[in-house]
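Peer 1: Below is one structure. I have some questions about it.
The values are calculated or read from the model by the stated rules, or taken from the named source; none is laboratory data. Everything quoted here is computed from the prediction, not taken from an experiment. With ideal geometry, Cβ positions are generated from the backbone for all residues, glycine too; neighbour counts draw on all protein chains shown. These accessible areas exclude ligands, DNA and RNA; they are computed on the full protein's heavy atoms, side chains included. Shrake-Rupley method; radii C 1.70, N 1.55, O 1.52, S 1.80 Å.
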Amino acid sequence: MGLVRLLSLKQHGDTRGSLVSLEFNKNIPLDVKRTYFIYNIKPGEPRGFHAHKKLKQLAFCITGSCRFILSDGLSTEEYLLDTPTIGLWIDQMIWHEMHDMSENCVLLILADDYYEENDYIRSKDEFMRRVNGDELQNTSTI
Ligand code: TYD
């Protein structure tokens, strides 16, 4: 399966404008416990550069655009998130970086657990070690 997995939401548009509804565990198949948004972007300042041990997240770019780089340690994929109705899944143990965020970019992130710094892997070396360690364990049991 590819690293870029998207969730497309229905847009309720009429002459007044557009509306998108997020119903947790309905059109959003995630047990959402926390949402946060990233805004006031400093141009050229990338963010992310971490993976989560357990946390699953879904990212929406409500305005503007943001280029996501996702890696599972074996392959790397990019996706330009620039449509408010499209959500990008950020699964557990996926190294993610956000680049080229437009100045008006607002990212809305849904997460299935509360903020927990212990869940973060902020070192790419540690991430690679963990991923490769798991790989070795998996192959040795075959
Ligand atoms: P961080 O996760 O490093 O941001 P990014 O996703 O861009 O890498 O979070 C930035 C700061 O905000 C850090 O000090 C932790 C804090 N924070 C919270 O307190 N609660 C949260 O839900 C999140 C996501 C971050």
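Peer 1: If you average over every viewing direction, what projected area does the convex hull of the Cα atoms of the chain give, in nm²? Could the numbers behind the result be given before it?
Peer 2: Numbers: hull surface 39.5 nm².
Averaged projected hull area, Cα only: 9.9 nm².
Peer 1: Assuming 0.36 nm per residue, please report the length gained on full extension of the stretch Arg130 to Lys10 beyond their Cα-Cα distance. Numbers along the way, then the final one.
Peer 2: Values: separation 120, 0.36 × 120 = 43.20 nm, distance 3.78 nm.
The span from Arg130 to Lys10 would gain 39.4 nm if fully extended.
Peer 1: Could you sort Ile62, Ile86, Ile121 by their accessible area in this structure, using a 1.4 Å probe and putting the largest first? Walk me through the numbers before you get to the answer.
Peer 2: Values: Ile62 75, Ile86 30, Ile121 0 Å².
Sorted descending by solvent-accessible area, the residues read Ile62, Ile86, Ile121.
Peer 1: Then there is this: Do any GluC sites (Glu not before Pro) in the stretch 65-125 lie in a loop, going by DSSP, with at most 14 other beta-carbon atoms within 10 Å of their beta carbon, and if so which?
Peer 2: On the way: sites: Glu77, Glu78, Glu97, Glu103, Glu116, Glu117; in loops: Glu103, Glu116.
The qualifying sites are Glu103, Glu116.
Peer 1: Working with all protein chains in place, sort Phe127, Phe37, Phe49 by solvent-accessible area computed with a 1.4 Å probe, largest first.
Peer 2: Working: Phe127 0, Phe37 130, Phe49 80 Å².
Result of the area sort, largest leading: Phe37, Phe49, Phe127.
Peer 1: Rolling a 1.4 Å sphere over the protein heavy atoms, what is the accessible area per residue of the chain, to the nearest Å²?
Peer 2: Numbers: 8660 Å² over 142 residues.
Here the per-residue accessible area is 61 Å².
Peer 1: Let me ask another. Mind pulling the angle between the C-alpha long axis of helix 124-140 and the longest principal axis of the chain? Nearest 10 degrees, somewhere in 0 to 90.
Peer 2: 60 degrees
Peer 1: Please report, in debye to the nearest 20, how large the charge dipole of the chain is about its Cα centre when each Lys and Arg carries +1 at its beta carbon and each Asp and Glu carries -1 there. Don't jump to the answer; show the numbers that get you there.
Peer 2: Working: 16 positive and 21 negative charges, 54 e Å.
My answer is approximately 260 debye.
Peer 1: Once both labels are modelled 7 Å past Cα along the beta-carbon direction, what's the Asn27-Ser75 spacing in nm?
Peer 2: 3.0 nm
Peer 1: Now a separate question. Work out the charge dipole of the chain with +1 on the Cβ of Lys and Arg and -1 on the Cβ of Asp and Glu about the Cα centre, then indicate which of Leu110, Met93, Gly73 is farthest towards its positive end.
Peer 2: Leu110
Peer 1: Lys pairs in the stretch 20-142, Cα-Cα under 27 Å, at least 8 apart or on separate chains: how many?
Peer 2: The result is 12.
Peer 1: How high is the relative contact order of the chain, in percent, with contacts defined as C-alpha pairs under 8 Å that are six or more residues apart?
Peer 2: Working: 300 pairs, mean separation 45.9, N = 142.
RCO, the chain: 32 percent.
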